[in-house]
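Input: a single structure, listed below in structure tokens.
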Amino acid sequence: GVILAMFDTGFNKSHTANVQLKRIAEWDFVWEDGETANQVPPDATSQWDHGTGTWAVAGGYWINNLIGPAYNATFALAKTEYVPTETHAEEDNWAAAAEWADSLGVDVVSSSLAYLDFDPGQVDYTWADLNGHTTVVAQAAILAARRGIVIANAMGNSGPGGRTLNSPADADSILSCGAVDQFNTIASFSSRGNTSDGRLKPEVVAQGVSTYWAVASNNNGIATANGTSLSTPLIAGSAALVREAHPEWSVAQVRQALMTTADKANTPDSIYGRGRINVQAAIWFSSLGPPVYPRPFNLLLPSTATTVTATRRPVRRRPTW
């Protein structure tokens, strides 16, 4: 019942890890058509590499090879990034994809895309611009969050220095994602906060070092990769699990549950944020109440002379953009 949108470079829908995943929609915001797989030319042959990999991290399903946390979600695929260039048009694509996702009723967005430096002739952003309301893409992320979508976005790979985050990781109301290794040590490349207006970033972290993903050029290829691009779909997929268990929670409550139950929640900083997420703890976060769906197995059938009340996912009424 949860819809997860992937914003990325394109997607190999035939890869063994992704081919059986449920899709409700796709759109190429670069070439303005309904095909998010490679179109060569004008796409480069490597165009879909990144998106295929992150999609598999979020929800791929290939027994004994790779299983993403949200493998049973429903997916919407948005191709917003053109690999050969870095321009502000890609921010516009991101914003258009967010509006499109809203129209589909998307619950969670996974975006392993971040913007700061652009090609010659384009105006770069500076840290002073990273105040959550200056860049096009940060404004779009905030608008999407206000309309009921959990946004998980990469911090960027510009660490280890401070104030190295990229946009839209500076946006409030989202989950900006840093990367740790398997031993829960921060990755040297993981961008650090804070925002220029003093807000703590990142929100949380997950494994983004030697994380398995799908190799787009080989339908049976699996490899490890590094980056906040890898930790982000793990966090997005985990947010989908929380939304499944708590259809009644708002974006703010999902965010609160994941942040409050992370392993450094009591000592947050601009490197780890609140730390590595704990999905089970977030689902059972006591301050917001126990999960209402899926129900425990012993409640799937009523006992003699009793009934079980079903809980339906509420329909969100959203204003137009």
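For region 77-92, a residue qualifies if it is outside any loop (DSSP other than H, G, I, E, B), in contact (Cβ under 8 Å) with a residue 24 or more places away in the chain and either acidic (Asp, Glu) or surrounded by fewer than 23 Cβ atoms within 10 Å (Cβ to Cβ) (or both), and the qualifying residues are GLU90, GLU91, ASP92. If the condition is being within 19 Å of ASP124 (Cβ to Cβ) and open to solvent by less than 10 Å² (accessible area, probe 1.4 Å), then region 154-186 contributes ALA154, MET155, GLY156, LEU165, SER167, PRO168, ALA169, ASP170, ALA171. Please tell me if ALA144 is assigned to a helix (DSSP H, G or I) and either farther than 19 Å from LEU200 by Cβ or open to solvent by less than 10 Å² (accessible area, probe 1.4 Å) (or both). So ALA144 passes the test. Which of the residues that make up region 105-164 are among the polar types (S, T, N, Q) and touching a Ser or Thr at 6+ places or on another chain (Cβ under 9 Å)? Within region 105-164, SER110, SER111, SER112, GLN122, THR126, ASN131, THR134, THR135, ASN153, ASN157, SER158, THR164 meet the criteria. Cβ-Cβ distances below 7 Å connect no pair with a first residue in region 191-214 that is without any contact (Cβ under 8 Å) to a residue 12 or more places away in the chain and within 14 Å of GLY237 (Cα to Cα), a second residue that is open to solvent by 10 Å² or more (accessible area, probe 1.4 Å) and in a loop (DSSP other than H, G, I, E, B), and a separation of six or more residues or different chains. Just one of the numbered conditions (1) within 20 Å of SER270 (Cα to Cα); (2) buried (at least 22 other Cβ atoms within 10 Å of the Cβ); (3) touching a residue at least 40 places away in the same chain (Cβ under 8 Å) is not true of ALA128: (2). Scanning region 261-288 for residues that are open to solvent by less than 20 Å² (accessible area, probe 1.4 Å) and either out of contact with any strand residue (DSSP E or B) (no Cβ under 9 Å at 6 or more places or on another chain) or under 18 Å from PRO69 (Cα atoms) (or both) yields a count of 2. For SER217, are the conditions met, namely being surrounded by fewer than 24 Cβ atoms within 10 Å (Cβ to Cβ) and outside any strand (DSSP E or B)? So SER217 passes the test.
The one condition from (1) among the small types (Gly, Ala, Ser); (2) within 17 Å of ALA58 (Cβ to Cβ); (3) buried (at least 24 other Cβ atoms within 10 Å of the Cβ) that GLY227 does not meet is (3). Of (1) among the β-branched types (Val, Ile, Thr); (2) open to solvent by 40 Å² or more (accessible area, probe 1.4 Å); (3) over 16 Å from GLY275 (Cα atoms), VAL108 satisfies all except one. Which? The one condition VAL108 does not meet is (2). Is it the case that region 238-260 has a residue that's closer than 29 Å to GLN39 by Cβ and either open to solvent by less than 10 Å² (accessible area, probe 1.4 Å) or modelled with pLDDT under 95 (or both)? Yes, there is a match, as at least one residue in region 238-260 is closer than 29 Å to GLN39 by Cβ and either open to solvent by less than 10 Å² (accessible area, probe 1.4 Å) or modelled with pLDDT under 95 (or both).
The conditions of being within 14 Å of the chain's Cα centre (by Cα) and charged (D, E, K, R) are not met by ASP129.
If you go through region 305-317 one residue at a time, do you hit one that is over 21 Å from SER173 (Cβ atoms), among the small types (Gly, Ala, Ser), at pLDDT below 80 and surrounded by fewer than 20 Cβ atoms within 10 Å (Cβ to Cβ)? Yes, region 305-317 has at least one match. Restricting attention to region 104-121, does a residue exist that is outside any loop (DSSP other than H, G, I, E, B) and farther than 21 Å from LEU241 by Cα? The answer is yes; a qualifying residue exists.
Put simply, of ILE24, ILE3 the only residue that is touching a residue at least 12 places away in the same chain (Cβ under 8 Å) and either open to solvent by 40 Å² or more (accessible area, probe 1.4 Å) or out of contact with any helix residue (DSSP H, G or I) (no Cβ under 8 Å at 6 or more places or on another chain) (or both) is ILE24. Looking at ALA37, ALA5, just one residue is at pLDDT 95 or above, within 21 Å of LEU104 (Cβ to Cβ), touching a strand residue (DSSP E or B) at 6+ places or on another chain (Cβ under 6 Å) and aliphatic (A, V, I, L, M), and that residue is ALA5. Among residues of region 32-53 that are within 17 Å of GLU86 (Cβ to Cβ), those with a Cβ under 6 angstrom from a residue that is in a loop (DSSP other than H, G, I, E, B) and open to solvent by 20 Å² or more (accessible area, probe 1.4 Å), sequence gap 6+ or separate chain, pair up as ALA44/VAL83; ALA44/PRO84; GLN47/ASN38; GLN47/VAL83. Any idea which residue in region 28-61 is nearest to GLY227 (Cα to Cα), counting only those that are crowded, with 20+ Cβ neighbours inside 10 Å and of a type in the set (Phe, Trp, Tyr)? This residue is TRP55.
The values are calculated or read from the model by the stated rules, or taken from the named source; none is laboratory data. Small disclaimer: the values here were computed from a predicted structure and weren't measured. Quick reminder, even Gly has a Cβ in these numbers, built from the backbone with ideal geometry, and neighbours come from all protein chains shown. Remember, those area values only see protein heavy atoms, side chains included, never the ligands or the DNA or RNA. Shrake-Rupley method; radii C 1.70, N 1.55, O 1.52, S 1.80 Å.
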